[in-house]
Each structure stands twice: as C-alpha cells, then as structure tokens.
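Colleague: Structure incoming, see below.
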Amino acid sequence: TGMNAAADIDVAEEARAGASFGRETWRRVWASRAARACLAVLAGKQFEMPVAFDQEYEAGILALNNAQRTAICKAFLHTMEAAGYYAVFYASTDWIKNRVNYAELAGFDMWPAQYGAKCTCPLPFGMWQHHGGGSKNWPAGSWAGVSGAVDLDTAYKNYPEIIKGAGL
C-alpha cells in the first residue's frame, strides 16, 4: 500500500485519524530517506494520534533478517520522533514476536494487530487492532458504507492529550 497520507480528506479529519506509513521494502539505508519523504507529506500538519510505521509480510521485507527489519523500524521511528511526531510501530503480534528483535523496539509505543479475545504482544502497547467476534460482549466492528465487519482499534492511552501535552 505504501504511504497513506489521507490526501483526499481534509486536515481536520487527518488530525483525528493520524497517519500510517510503511509496507515498503526499504533497506536500512533507505529508511531515513523514506521517513524524510513521509515528513514532506506531513509538513504543516498536526495530528492527534501517532504516526505509525507499518511492517508486513511482503517478499522484500521477508527476505531480510530480524536485525535488518529492526534497524529499518528504528531508523524510521527515530527520524519521525526527531521531527517532532509521536511515532508508533504497527505490526501483527506474530511479526513483533518473530520477525523483529522486539526488545530493541521497547522504547517505542506498539500498535499490534491480533485477532482474538486478547492481545499477547510481548511489549506494552498503547493501541490494539482486533476484530470483534460478533457476540454481545465482543461485537464485530462496522462502518457506515462498508459491507461486512471491519477491524477495531482500541486505544489504551489518551494520545490526543499526550501529543498536545508534549507540544507535538
């Protein structure tokens, strides 16, 4: 998917939605350049939610080893933070456990995706993407205009307050 800067929606909506970048087969040397490209897209915008770096099961990324994938994450996230954005790492819990050296990412907020009744991410996380089971106590997600169930995201931190309080 690449960069999803929500270019077709207004800035107010972007501020509520945050921004998600990633899913590219960047090598370590490209990660900082990619982050700078994202910064160019984000220029002049403020967000109430974190900017997320997303790493997924794609051939180019899978061809790398855990250390290389971790270095890419760190380079991107550090660059975003140095520019004044609150950055988080988004990936499946399986990816976090098995495809990166997660202990090296402990200084960043995690946003794991894991379907089921609970998240087993090995690191503390500020948000969790899941899919409701459709029961009364655990409803499936829905969105106007979308047929079928959608993923749900639960925030455990008050990111708008944290970001505003930090002056980001």
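The values are calculated or read from the model by the stated rules, or taken from the named source; none is laboratory data. Predicted, not measured: the structure shown is a model, and the values here were computed from it. As a convention, Cβ positions derive from the backbone with ideal geometry for all residues, glycine included, and neighbour counts pool all protein chains shown. Side chains included, ligands, DNA and RNA excluded: accessible areas come from the protein's heavy atoms. Shrake-Rupley method; radii C 1.70, N 1.55, O 1.52, S 1.80 Å.
Colleague: Under the rule a/c < 1.5 gives rounded, and otherwise a/b versus b/c splits prolate from oblate, where does region 51-168 land using the Cα gyration tensor?
Modeller: On the way: a/c = 1.96, a/b = 1.29, b/c = 1.52.
Oblate.
Colleague: Which lysines does residue 45 reach when only Cα atoms under 21 Å apart count, and residues fewer than 8 places away in its own chain are ignored?
Modeller: Residue 45 reaches 164.
Colleague: What is the list of residues in region 54-84 whose amide nitrogen lies under 20 Å from a point 7 angstrom out from the Cα of residue 32, following Cα to Cβ?
Modeller: Correct set: 54, 67-84.
Colleague: Tell me which residues come under 5 Å, amide H to amide H, from residue 45 once H is placed; ignore anything under 5 positions away on its chain.
Modeller: Under 5 Å from the amide H of residue 45: no residue qualifies.
Colleague: With the full set of protein chains in place, find how many percent of the accessible area of region 52-98 is carbon and sulfur; take the probe as 1.4 Å. Mind showing how you got there, number by number?
Modeller: Details: 860 of 1650 Å².
It is 52 percent, rounded to a whole number.
Colleague: Check residue 91: other-chain or 5+ apart residues with amide H under 5 Å from its amide H, H built from backbone geometry?
Modeller: 111, 113
Colleague: Which whole-number percentage describes the relative contact order of region 35-152, with Cα contacts under 8 Å and a sequence gap of 6 or more? Numbers along the way, then the final one.
Modeller: Values: 166 pairs, mean separation 21.9, N = 118.
Answer for region 35-152 is 19 percent.
Colleague: Then there is this: How do the peptides 82-91, 54-63, 33-42 rank, highest first, by the average count of neighbouring beta carbon atoms within 10 Å per residue?
Modeller: Working: 82-91: 20.8, 54-63: 14.5, 33-42: 16.9.
Peptide ranking by packing, descending: 82-91, 33-42, 54-63.
Colleague: Please give me the summed charge of the neighbours of residue 112: other residues whose Cβ is under 15 Å from its Cβ, Lys and Arg +1, Asp and Glu -1. Show your work: numbers first, answer last.
Modeller: Details: positive: 97, 99, 118, 157; negative: 54, 56, 94, 109, 151, 153.
Combined, the nearby Lys, Arg, Asp and Glu give -2.
Colleague: Could you provide, to the nearest whole Å², the per residue accessible area of region 46-168 with probe 1.4 Å?
Modeller: Details: 6190 Å² over 123 residues.
Averaged over the residues of region 46-168, the accessible area is 50 Å².
Colleague: Follow-up. Grab the beta carbon distance between residue 115 and residue 43, set R0 = 45 Å, and tell me the FRET efficiency rounded to 0.05.
Modeller: Working: r = 35 Å, r/R0 = 0.78.
With R0 = 45 Å, the Cβ-Cβ based efficiency is 0.80.
Colleague: Further question on the same structure: Of the peptides 45-52, 110-117, how do they stack up when ordered by the mean number of other Cβ atoms within 10 Å, highest first?
Modeller: Working: 45-52: 20.0, 110-117: 18.5.
Packing order, densest peptide first, comes out as 45-52, 110-117.
Colleague: Follow-up. Evaluate E = 1/(1 + (r/R0)^6) for residue 150 and residue 98, where r is the Cβ-Cβ distance and R0 equals 25 Å; express this FRET efficiency to the nearest 0.05.
Modeller: Values: r = 26 Å, r/R0 = 1.05.
Working from the Cβ atoms, E equals 0.45.
Colleague: Using the Karplus curve 6.51 cos²θ - 1.76 cosθ + 1.60 with θ = phi - 60°, work out ³J(HN,Hα) for each residue of region 68-84 in order, rounded to whole Hz, and write x for Gly and Pro.
Modeller: Going residue by residue, I get 5, 4, 5, 4, 4, 4, 4, 4, 5, 5, 4, 5, 5, 5, 4, 8, x Hz, with x marking Gly and Pro.
Colleague: Report, by chain and number, residues whose modeled amide H sits under 5 Å from the one on residue 52, excluding near sequence neighbours (fewer than 5 apart, same chain).
Modeller: 19, 20, 21, 88
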